[in-house]
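Worksheet: one structure, shown below.
The values are calculated or read from the model by the stated rules, or taken from the named source; none is laboratory data. Keep in mind that this is a model prediction, so the values were computed, not measured. FYI the Cβ positions are ideal-geometry reconstructions off the backbone, even for glycines, and counts take in every protein chain you see. Ligands, DNA and RNA are stripped out before the accessible areas are found, and what is left, the full protein with its side chains, is counted by its heavy atoms. Shrake-Rupley method; radii C 1.70, N 1.55, O 1.52, S 1.80 Å.
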Amino acid sequence: MDVDPAWLPPALFRAVGSRRTLVRGVGELVDTVHGEVATACQRFGGSLARGPRDGSCDLVLDLSASGLGDEDFTLSRDGRTTMVTASGGRGLLYGLFHVVRLGEAAFGGARARETHRPALALRMLDHWDNVAVHPVMGQVERGYAGGSLFWKDGRARPEYGRVRAYARLLAACGINAVAVNNVNVHDTEAHLLTDRVGEVALLAAEFRRYGIRVHLSVTFAAPTVLGGLPSADPLDAAVRAWWAGAVRDVYEVIPDFGGFVVKADSEGRPGPFAYGRSHADGANMLAAALAPYGGTVHWRAFVYDHRQDWRDRTTDRARAAYDHFVPLDGEFAPNAVLQVKHGPMDFQVREPVSPLIGAMPRTRLGVELQATQEYTGQQRHVCWLGPMWSQVLRFRPEGEAGAAVGELARGGLVAVSNVGDDPFWTGHPLAQANLYTCGRLAWQPDAEPRDVLGEWIGLTFPDAPKRLVDGLHAVLDGSWRTYEKYTAPLGVGFMVQPGHHYGPGVDGYEYSPWGTYHFADRDGVGVDRSRATGTGYAAQYAQPWAEVYESPRTCPDELLLFFHHVPYGHVLHGGSTVIQHIYDTHFEGVAEAEEARRVWAGLTGLVDPARHARVAERYEEQLHSAREWRDQVNAYFFRKSGVPDGRGRRIY
Ligand code: GCV
């Protein structure tokens, strides 16, 4: 099958494949390691042995070490032999991929024993893939890379070679769990839990080879929809028994099944509220069914009122997750993970970190990112999100002395996948960097994002000349900030076209029930979320942040309009007024995108032609869209405020 090798091009395996390797141990993942090395040796002329050490190897991959976790590995070199040891098959596989990443550097000189282990035990991708094509959302909800890898027109897609190639890429960046269907579980998808579980088992078999456990999104209403029961009340004995039976049957065919992902009482999905029960009751019922088999329920905290009255300024969607869940702290079962979007709204280009993270010390929290670029250019714009995610993961909800989000995410890091059946996997070839970055940040949340990007560049473009490496950094490093500059300003968010969320629509959601407003009038813009005069959202933070966010004097510029409604003449810490900042950043953003396109054009000949052409073509659309954003946002605020651009540029 013709799929893009992404960050595993064959050339990368030269250092391993041209040497003598010994693989020791038994098990499915050891077989995978063996297979990887065997393929590399065939290509590059090396040799591979399996069994006891004979003393003449360059590389030993040894499944025997005790005292290591299942995913850990050690790496050392005595000057002649590079040694990877692990206690579990996953550790051995990750060790191999680490050596592959190091290339020749793994085989030079001596190296003291290093232990590598992931910071987070669960590193997951959620696919919002529909089994049947949804009339509005299509095959993949918020998918910008073609169809689903797993499903097509209501059926399983029996292209398991591609699934295997995907699993391999994921393992090579550290992902160990995948949910294979949309959290919006429609009727067809619901059946994956019961009569169609065999299709999930086939996917699980592919993912298992690379140490990845499969999870399913399930509907809370399954006992009624699938089981014919009159209720789905989580405290009803018949309902609990139904779930226990369903789970037992799943484990019959998928013994290493990871568990469930649940979107309940959210955007119209069924949930425990219908029965007067709490979300802890709902999650714990599923946790109880999964517990005997070691499964986990990922219960999403994305619960808010999507039928809000826009006239009502007291209801604040940003408050919702905290208000719903903090009172339940300590009530969730140990195998329940509360999965929280990283910001309080919905994956905007700039949001504060959700105040829920850090506020539930007795709950296992998982943090959800969005690799699929719903609000960040839909994989038509270059927008590498590493710096944003890193900022989130390094944020310390209780200030410098407290833990970082990356440490508080004990339930793991989950990203909504950006992959489809597109030959480049991600539609925009450079969006592969986002996928890679998710995996590596889940492995090490405090990693320097630019180093991760450097790693991705080095792997995806092996032997790249400096000009290409510099060019890739030039177009990717600052691309998130560029995107932010030409879209919604100063953290206010949205301003997108309703429904599909692409392109500018400044008032697109202003008079809608979705709770996403900017409140611009002739005098000013922004949402007053202060405790003193606004919705009180700022007070959901612990100190020092509650105080920092409370006042426009201390609130960081980039979040000013998220927290405050200010006059257009309000002076930012940067010295500019809000209105002038809006004008300036929108001109700058477009200029930066133009410059990126120019840099990319200069890389012709250094990147394979198909990839180069695909990116070049997307730059045309990005530029077109960025100009629309610039002109519509600037015109909107000029017309509202009547304040001319201080630099005399044309505003329509
Ligand atoms: C899967 C946003 C998206 C929806 C998505 C939802 C969620 O509202 O627009 O498509 O639904 O988030 O995360 O559940």
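Taking helices (runs of 4 or more DSSP H) that do not extend beyond the range 309-421, which have at least 2 residues that are more than 15 Å from the ligand (Cβ to nearest atom) and surrounded by fewer than 20 Cβ atoms within 10 Å (Cβ to Cβ)?
Ranges flagged: 386-394.
Answer with yes or no whether residue 78 is more than 16 Å from the ligand (Cβ to nearest atom) and on the phi > 0 side of the Ramachandran plot.
Criteria not met by residue 78.
Select, from 635, 616, the only residue that is more than 19 Å from residue 384 (Cα to Cα), open to solvent by less than 70 Å² (accessible area, probe 1.4 Å), part of a helix (DSSP H, G or I) and at pLDDT 95 or above.
635
Quick one: residue 568 ticks every box in (1) open to solvent by 20 Å² or more (accessible area, probe 1.4 Å); (2) within 30 Å of residue 531 (Cα to Cα) except a single one, so which number is it?
(1)
Scanning for something of a type in the set (Ser, Thr, Tyr) and in contact with a strand residue (DSSP E or B) (Cβ under 7 Å, 6 or more places away or on another chain), does the range 347-370 turn up at least one residue?
yes
Filter the strands (runs of 3 or more DSSP E) completely within the range 102-174 down to those with at least 3 residues that are open to solvent by less than 50 Å² (accessible area, probe 1.4 Å), more than 19 Å from residue 201 (Cα to Cα) and not charged (D, E, K, R).
The qualifying strands (runs of 3 or more DSSP E) are 138-140.
Inside the range 217-232, can you point out the residues that are assigned to a loop (DSSP other than H, G, I, E, B) and open to solvent by less than 20 Å² (accessible area, probe 1.4 Å)?
218, 219, 220, 221, 232
Here is a check on your reading of the model: is residue 541 of a type in the set (Phe, Trp, Tyr) and open to solvent by less than 40 Å² (accessible area, probe 1.4 Å)?
In short, yes.
Kindly establish whether residue 151 is free of Cβ contacts under 8 Å to residues at least 60 places away in the same chain and within 16 Å of the ligand (Cβ to nearest atom).
Details: free of Cβ contacts under 8 Å to residues at least 60 places away in the same chain: yes; within 16 Å of the ligand (Cβ to nearest atom): yes.
In short, yes.
Given the condition out of contact with any Ser or Thr (no Cβ under 7 Å at 6 or more places or on another chain) and surrounded by 22 or more Cβ atoms within 10 Å (Cβ to Cβ), answer yes or no: does some residue in the range 39-58 qualify?
Yes: the range 39-58 contains one or more residues that are out of contact with any Ser or Thr (no Cβ under 7 Å at 6 or more places or on another chain) and surrounded by 22 or more Cβ atoms within 10 Å (Cβ to Cβ).
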